[in-house]
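J.: Take a look at the following structure, please.
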Amino acid sequence: MNERSKSTLFLMEQIIVITVFAICAAACVKIFVVSFLMTVDSVDIRNALHAAESAAETYKSTAGDTGMALRILSNEFGYYCDNTVSIYYDRNWRPADSGNAFFVLHLVKQNAGAPVVLSDVTVSRKESGGWLTELISLPVAVRRSER
């Protein structure tokens with residue numbers, strides 16, 4: 001009987017060790033998944049910031065001419081409508097058409113007739129269902145030159 005109680009005790013100890021190990025492994029997997037998602041988010045935000053800064057500087061260099069800024073930024077995959085420039089990007093931040101886009105950059109001219117033209121550059125991520133999640137937004141001011 002003494003031999004049987006020792007084997008039962010050993011089996012219980014092994015079950016407890018395996019349970020603790022499984023709990024620790026589950027916690028580690030969750031930490032790795034959260035870390036991966038944070039990395040993907042930070043890469044998207046970094047690339048969005050780069051695209052927004054590039055659009056803002058191009059817009060400023062064209063003295064607020066949205067049509068010229070669109071031609072410089074994206075010849076093939078950009079759209080212009082009512083003082084708004086829209087440029088679409090795929091998952092790898094390459095220019096794409098609107099149907100295959102995962103990110104969208106909007107440059108919106110606010111007050112076209114004023115001496116200082118205020119605009120907003122916004123980069124958003126398309127989510128499921130067509131919703132946009134804003135990643136970055138930059139205000140841009142351009143002083144119109146007198147000609």
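J.: Check off (1) basic (Lys, Arg); (2) without any contact (Cβ under 8 Å) to a residue 24 or more places away in the chain; (3) touching a helix residue (DSSP H, G or I) at 6+ places or on another chain (Cβ under 8 Å) for Arg125 and give me the number that stays unchecked.
T.: Only one criterion in (1) basic (Lys, Arg); (2) without any contact (Cβ under 8 Å) to a residue 24 or more places away in the chain; (3) touching a helix residue (DSSP H, G or I) at 6+ places or on another chain (Cβ under 8 Å) is unmet by Arg125, namely (2).
J.: Tell me, which strands (runs of 3 or more DSSP E) lie completely within segment 73-124 with 3 or more residues that are touching a Ser or Thr at 6+ places or on another chain (Cβ under 6 Å)? Before you say what the answer is, go through the steps one by one.
T.: Numbers: elements: 78-81, 84-89, 103-109.
Counting at least 3 such residues, we get 84-89, 103-109.
J.: In the list Ala114, Ala101, which residue meets the criterion of being crowded, with 16+ Cβ neighbours inside 10 Å and either more than 15 Å from Arg46 (Cα to Cα) or over 12 Å from the mean Cα position of the chain (by Cα) (or both)?
T.: Ala101
J.: Can you confirm whether Glu57 is under 23 Å from Pro95 (Cβ atoms), assigned to a helix (DSSP H, G or I) and within 16 Å of the chain's Cα centre (by Cα)? Can you show your working first?
T.: Details: under 23 Å from Pro95 (Cβ atoms): yes; assigned to a helix (DSSP H, G or I): yes; within 16 Å of the chain's Cα centre (by Cα): no.
For Glu57, the condition - under 23 Å from Pro95 (Cβ atoms), assigned to a helix (DSSP H, G or I) and within 16 Å of the chain's Cα centre (by Cα) - is not met.
J.: State which residue pairs qualify: first residue more than 15 Å from Leu105 (Cβ to Cβ) and without any contact (Cβ under 8 Å) to a residue 12 or more places away in the chain and inside segment 60-75, second residue part of a loop (DSSP other than H, G, I, E, B) and of a type outside the set (D, E, K, R) in any location, beta carbons under 6 Å apart, and separation of 6 or more residues or different chains.
T.: Close Cβ pairs (under 6 Å, with a partner that is part of a loop (DSSP other than H, G, I, E, B) and of a type outside the set (D, E, K, R)) amount to Met68/Thr62.
J.: Please state which of the following conditions Tyr80 fails to meet, knowing it meets all the rest: (1) touching a helix residue (DSSP H, G or I) at 6+ places or on another chain (Cβ under 6 Å); (2) more than 15 Å from Ala51 (Cβ to Cβ); (3) buried (at least 16 other Cβ atoms within 10 Å of the Cβ).
T.: (3)
Read-outs: derived from the displayed coordinates by stated rules, not from any lab. Just so it is clear, the structure is predicted and the values come from calculations on it, not from any experiment. Cβ: placed from backbone, ideal geometry, glycine included. Neighbour counts: every protein chain shown.
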